[in-house]
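Right, one structure below, let's go through it.
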Amino acid sequence: MKLILFDCDGTLVDSQNLIVSTVEATFAAHGLAAPPRPAVLGIIGLSLEMAIARLLGADAHRADEMAASYRTLFLARRATEPLEPLYPGARDVVTRLSERDDVLLGIVTGKARRGVDAVIGGHELLDRFVTIQTADDAPSKPHPAMVQQAIAETGVEPRDTVVVGDTTFDMEMARAAGAGAIGVGWGYHPPHTLPDAGAETVLSSFHDLPPWLDRRWNVSEATRNIIGEGAA
Ligand SMILES: [Mg+2]
């Protein structure tokens, strides 16, 4: 059995407009100048407190109160703004992969479980994922705990597990857990930064994922067979 763990923001859904505008409103509510958009995109994927602390820099001691404000503002905005859109191909590829007998799907995200339920549930894809690991139950990426917990829940080997994500945090998390790391080029970290963080490849389209995985897995099966015969 294989396990594919997807990051959420920047990988499955394009949530940048809602997140950036909520960060701007949060900083304004606390009398602070908003950080530039590239800085905000750089922290999407971390857990909220860590993300805000990085944006605050020397004022990081205010991260907890600012994170509380962000949550309140985000929930209010989510109720009125359109649902964050899925990236092109995400629905089709997730649906087809979830129907395979040799594959399990999961989510590993810095969002809270409530946020995953809202956006992935809003797109009616929650039941495609057999394990969902969030900031509620684990330390922030790049700590490997979310991947390790997904592996423990499903019983799949780390070497048969891959993480699909848009940030260096995802790649580092995957490697630290002994899993494969697959970067996507449509998210929030510059694609060229992902290989140095451990990405085996950086995909440019969601539709490239299934054939790429099949090639990866065929190669690794062949390698195992050769090693197995040599040892026999
Ligand atoms: Mg992401």
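The values are calculated or read from the model by the stated rules, or taken from the named source; none is laboratory data. None of the values given here were measured: they were computed from a predicted structure. Reconstructed Cβ throughout: ideal geometry from the backbone, glycine too, with neighbour counts over all protein chains shown. With ligands, DNA and RNA removed, areas are computed over all heavy atoms of the protein, side chains included. Shrake-Rupley method; radii C 1.70, N 1.55, O 1.52, S 1.80 Å.
Brief remarks follow.
- So Gly115, is it over 29 Å from Trp217 (Cβ atoms) and open to solvent by less than 20 Å² (accessible area, probe 1.4 Å): yes
Conditions (1) hydroxyl-bearing (Ser, Thr, Tyr); (2) buried (at least 21 other Cβ atoms within 10 Å of the Cβ); (3) within 11 Å of the ligand (Cβ to nearest atom); (4) within 30 Å of Pro210 (Cα to Cα), marked per residue:
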{"position": "Leu18", "(1), (2), (3), (4)": "no, no, no, yes"}
{"position": "Ala28", "(1), (2), (3), (4)": "no, no, no, no"}
{"position": "Pro36", "(1), (2), (3), (4)": "no, no, no, no"}
{"position": "Gly57", "(1), (2), (3), (4)": "no, no, no, no"}
{"position": "Arg62", "(1), (2), (3), (4)": "no, no, no, no"}
{"position": "Met66", "(1), (2), (3), (4)": "no, yes, no, no"}
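- Look at (1) in a helix (DSSP H, G or I); (2) open to solvent by less than 60 Å² (accessible area, probe 1.4 Å) and you find that Arg96 fails only one, number (2).
- Annotation: of all residues in segment 1-16 being open to solvent by 20 Å² or more (accessible area, probe 1.4 Å) and not charged (D, E, K, R), the one that is nearest to the ligand (Cβ to nearest atom) is Gln16.
- Selection of segment 117-134 for residues being among the charged types (D, E, K, R) and within 16 Å of the chain's Cα centre (by Cα) yields Asp117, Arg128.
- Among the residues listed as Leu55, Leu83, the single one being within 16 Å of Asp9 (Cβ to Cβ) and not in a helix (DSSP H, G or I): Leu83
- Filter result for Val163 (at pLDDT 95 or above, touching a Leu at 6+ places or on another chain (Cβ under 7 Å) and in a strand (DSSP E or B)): yes
- Hey, Val156 at pLDDT 95 or above and either within 16 Å of the ligand (Cβ to nearest atom) or among the charged types (D, E, K, R) (or both) or not: no
- The lone exception for Gly89 - which of (1) open to solvent by 50 Å² or more (accessible area, probe 1.4 Å); (2) touching a His at 6+ places or on another chain (Cβ under 8 Å) it fails: (1)
- Segment 112-126 - residue that is within 16 Å of the ligand (Cβ to nearest atom) and in contact with an Asp or Glu (Cβ under 7 Å, 6 or more places away or on another chain) and, of those, nearest to Pro82 (Cα to Cα): Val119
- Scanning segment 186-210 for residues that are more than 19 Å from Arg91 (Cβ to Cβ) and either part of a helix (DSSP H, G or I) or open to solvent by 10 Å² or more (accessible area, probe 1.4 Å) (or both) yields a total of 14.
- Which listed residue, of Thr109, Thr161, Thr131, is within 16 Å of the ligand (Cβ to nearest atom) and open to solvent by less than 30 Å² (accessible area, probe 1.4 Å): Thr109
- Looking only at segment 164-213, and only at residues there that are within 15 Å of the ligand (Cβ to nearest atom) and hydroxyl-bearing (Ser, Thr, Tyr), the one that is farthest from Phe6 (Cα to Cα): Thr193
- Any pair with Cβ under 7 angstrom, 6 or more apart, that starts in segment 158-177 at a residue that is more than 17 Å from Asp102 (Cβ to Cβ) and ends at one that is part of a helix (DSSP H, G or I) and open to solvent by 30 Å² or more (accessible area, probe 1.4 Å): Thr168/Thr193; Ala177/Gln148; Ala177/Pro158
- Residue in segment 139-149 that is open to solvent by less than 20 Å² (accessible area, probe 1.4 Å), assigned to a strand (DSSP E or B) and within 16 Å of the ligand (Cβ to nearest atom) present: no
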